[in-house]
Amino acid sequence: MTVEITGLLIAAVLIALFVIVTVVRAVRIVPQARARNVERLGRYHRTLQPGLNFVIPYIDRVYPAIDLREQVVSFRPQPVITEDNLVVEIDTVLYFQVTDPRSAAYEIASYLQAVEQLTVTTLRNVVGSMDLERTLTSRDSINSQLRGVLDDATGKWGLRVNRVEIKAIDPPKTIKDAMEKQMRAERDKRAAILTAEGQRQSQILTAEGDKQGAILRAEGERSAAILKAEGQSRAIDEVFQAVHRNDPDPKLLAYQYLQVLPQLAQGEGNTFWVIPGEVTAALQGVSRAFTEALPRSEAIREAADQSTESAARARRDAARAEEAAAEAVADAREPGGIPELMGRSQRAEQPVNGEGERPGAH
C-alpha cells in the first residue's frame, strides 16, 4: 500500500512538472524591437512579434531573437591599392538595420560576415579607380558609392544599409612623411605670404599716417605763420600809428637806432658784420643831440674861447706871411732890391703883439 502511494505521488509530481514545463514552453514573451522565428516540424511557420505569444510545445521550435534596431559594425582596417599603386589601410564603419527577420535568418547564413566581405570588395573596386590624393579628398563620394552597392546587395537579405563611413585612411609611412613635408612647406608659404602682407599693410598704414601727419603739421605751420604775420603786421601798424601820432624828433630815432646795433652781433657765427652808412649819420645826430642839449662848464667854455682865439691868431699870421712873400718877390724883380728884401725879412721875423703891431713901431 505504501509503495503504491509512493508511486502515485512520484507520478503526480512528474505529471505536474511536465505540465509546468509544457506551459512554460507554450508561452513566449518577445521584448520590444526584437523578433523570433518559429519553425513547426522543421519548417518556417511564423515570426513572433513583441509581446506575449503562444506556441505548441514540442512541435514548434523558436529560434533566438533577432535585433531589429539599427546596428553599428566597425570593420578592421583593410589594405587597398589605389590607382597610382599605393597601398593604404582603410577603416570603415557600417550602419545597418534588419527589416525582415525571416530573410535575415534564411537567405544568408551570417549576414554580418557577408556585409563585411561585401564592404571590403566594394571599397577596393571604388578606391582602385582613384589616386591617393583623390582618395583622401573624396570620402563623401566613396561613402555614397559604398552605400548604394551595399543597399542593393543586402536588400534580399532583409537588411537596410543606412550609412557607410570611412573612419580612417592610413597611407604608407613614407607617403605620410612626404605629405607632412608638403603641408609644412604650404604652411610656411602661407605664413610668409601673411607676414609679407602684414608688413606691406603696416608700411602702407605708416606711410598714410606720416602723410596725414605731414599734412596736418604743414597746415598748422601755415596757420601759425599766417597768424604770426598778421600779429607782426598789426604790431608794426600799431607802432607806426603810435610813432606818427606822437611825432618823434630825430634824436629819439637815433637813440633807438643805437639800441638795435648790439643785437646785430649777438649771433654765434657773426664774426664779421658791416655797419651801414646810416649808422654814422645816426652817431653824428646823437652826438649833436647830446652836445647841444648838455650845459657847458666854465673850464670847457674857457678852453673853447682860447682855442678860438689861437685859431684866429694863426689865420692872421698866415695872411701876413703871404703878404710879405708877395712883396719880397716884387722887390727882387727891381734893381737893388735884394738889401731891401733882407730888411723886410728881418722886420717880418719880429714878434707881433696881440694887436697885430711890431715892437717899436708907431
>> Using a 7 Å offset from the Cα along the Cα-to-Cβ direction at both ARG102 and ASP237, what is the distance between the two label points in nm, to one decimal?
In response: 11.8
> For segment 22-68, which chymotrypsin sites (Phe, Trp or Tyr not before Pro) are in a loop by DSSP, counting at most 14 other Cβ atoms within 10 Å?
Replying inline: TYR58
>> 7 Å from Cα along Cα→Cβ at both ARG313 and VAL62: what's the point-to-point distance in nm?
In response: 17.7
> Tell me, what % of the accessible area of segment 1-136 is carbon and sulfur with a 1.4 angstrom probe?
Replying inline: 60
> With the contact rule set at Cα under 8 Å and sequence spacing of 6 or more, what percent relative contact order holds for segment 1-108?
Replying inline: 21
> How much accessible surface area, in Å² rounded to 10, belongs to the heavy atoms of HIS45 with a 1.4 Å probe?
Replying inline: 80
> So which trypsin sites (Lys or Arg not before Pro) in segment 51-109 pass both tests, a DSSP loop state and at most 11 other Cβ atoms within 10 Å of the Cβ?
Replying inline: ARG69
>> Between segment 79-95 and segment 1-63, how far is it from one alpha carbon centroid to the other, in angstrom?
In response: 51
> In terms of Cα to Cα distance under 21 Å, which lysines are near enough to LYS176, apart from those fewer than 8 places away along the same chain?
Replying inline: LYS167, LYS189
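The values are calculated or read from the model by the stated rules, or taken from the named source; none is laboratory data. Keep in mind the model is a prediction, meaning the values are calculated, not measured. Note that we place each Cβ from the backbone using ideal geometry, even for glycine, and neighbour counts take in every protein chain shown. These accessible areas exclude ligands, DNA and RNA; they are computed on the full protein's heavy atoms, side chains included. Shrake-Rupley method; radii C 1.70, N 1.55, O 1.52, S 1.80 Å.
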